[in-house]
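S.K.: The structure's right below; bear with me while I get my questions together.
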Amino acid sequence: MKYLRFLKNNLAYFGVLNGETISKLDGDFLTGSPKLTGEVFNLSEAKLLPPVNPGQVIAIGLNYALHAEESGKSIPDEPMIFMVSPTAVVADGEEISLPNLEHRIDYEAELAIVIGKQAKNVKKENALDYVFGYTACNDVSDRNLQKKDGQFTRAKSFATFKPLGPVIETDLNPNNIEIKLSVNEEVKQHSNTNDLIHDIESLIENVTEVMMLNPGDIIITGTPSGVGPLKPGDKVEIEIEGIGKLTNRVVDGNKKAQPATEESQLA
Ligand code: MG
């Protein structure tokens, strides 16, 4: 199933996507067992919201060997875990706003795990029982600040730096799916999650050894090789097999007010 959230007449709703059609649900797919209301909308007429508002965004660094190599880093023997502010999340179709144009700011295509139930000290064998589904994330990163700080939080937490979506797919083998990113229609990253150094189950085991995960939290699983810079005017698209396309345009953050995700009360 492909779950999403969308705005219609300034109200936020939950829904299921079938092709180009959204079927409205009567509640939150993450915390309840919502039913179809019978109302149907065209995808083209709805404004998508991020498919989840994560409480925590946990990120994994250097999880594809070729990306570690291009970054000049050795492959970590354990997953390299860091955290990013959830307020950086924006939806499919929203703008990525660059605040520091003199810095190198890169795209990073990543598969995001959406946690479905509270998880602590989970073992690999049971890890997938704690997953609600999967979506795409662009882990936009300011390389100048990443190098300067040594820590990644500032470099990766600017508003709009975590495009997420378009949908959460619940039926997916996360360890063998194609992941592709293009800028202005030119393919820049193309890999498969079977190249992950630490697979999905291992990541969940490692992260939950440290911290409690709650429904709606996400783990972004690292980016393949081919990272590169973004500039205002670029259109960046991530396509993940079974999930669909996450498309965002890049703007100069100094010229334009930063876009905020409009959210009003849930109907
Ligand atoms: Mg990343």
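S.K.: Give me the percent relative contact order of the chain, please, defined on Cα pairs under 8 angstrom at least 6 residues apart.
M.R.: 27
S.K.: Rank these by accessible area, largest first, 1.4 Å probe: I22, I197. Show your work: numbers first, answer last.
M.R.: Working: I22 0, I197 60 Å².
Reading off the accessible areas and sorting them downward yields I197, I22.
S.K.: On a 26 Å Cα-Cα criterion, which of the cross-link pairs K156/K180; K8/K156; K156/K255; K47/K235 come out too long?
M.R.: Values: K156/K180 20 Å; K8/K156 30 Å; K156/K255 21 Å; K47/K235 18 Å.
Table pairs above 26 Å Cα-Cα are K8/K156.
S.K.: If you don't mind, there's one more thing I want to ask. So what is the accessible area of the stretch 57-252 per residue, in Å², with the probe set to 1.4 Å?
M.R.: About 39 Å² of surface per residue is accessible.
S.K.: So which lysines pass the test for K117, namely a Cα distance under 22 Å, with those fewer than 8 places away in the same chain ruled out?
M.R.: Leaving aside lysines fewer than 8 places away in the same chain, those within reach of K117 are K2, K35.
S.K.: Can you tally the net charge around C137? Count Lys and Arg as +1, Asp and Glu as -1, for every other residue whose Cβ sits under 10 Å from the Cβ of C137. Numbers along the way, then the final one.
M.R.: Values: positive: K162; negative: E108, E110, D139.
Overall, the nearby charge balance is -2.
S.K.: Between T87 and K123, with labels modelled 7 Å along Cα→Cβ, what's the label distance in nm to one decimal, could you check?
M.R.: Taking the simple label geometry, T87 and K123 are separated by 4.1 nm.
S.K.: For the chain, what does the helix formula give at 222 nm: sum of -39500 (n - 2.57) over DSSP H segments with n ≥ 4, over the residue count, nearest 500 deg cm²/dmol?
M.R.: It lands at -2500 deg cm²/dmol.
S.K.: Please report the net charge: other residues with Cβ closer than 13 Å to the Cβ of F161, K and R +1, D and E -1.
M.R.: -3
S.K.: For E108, what is the net charge nearby, where nearby means another residue's Cβ is under 11 Å from its Cβ and Lys, Arg count +1, Asp, Glu -1?
M.R.: Taking every other residue near E108 into account, the sum is +1.
The values are calculated or read from the model by the stated rules, or taken from the named source; none is laboratory data. Just so it is clear, the structure is predicted and the values come from calculations on it, not from any experiment. Backbone-built Cβ (ideal geometry, glycine too); neighbour counts: all protein chains shown. These area figures cover heavy atoms from the full protein model, side chains too; ligands, DNA and RNA do not enter into them. Shrake-Rupley method; radii C 1.70, N 1.55, O 1.52, S 1.80 Å.
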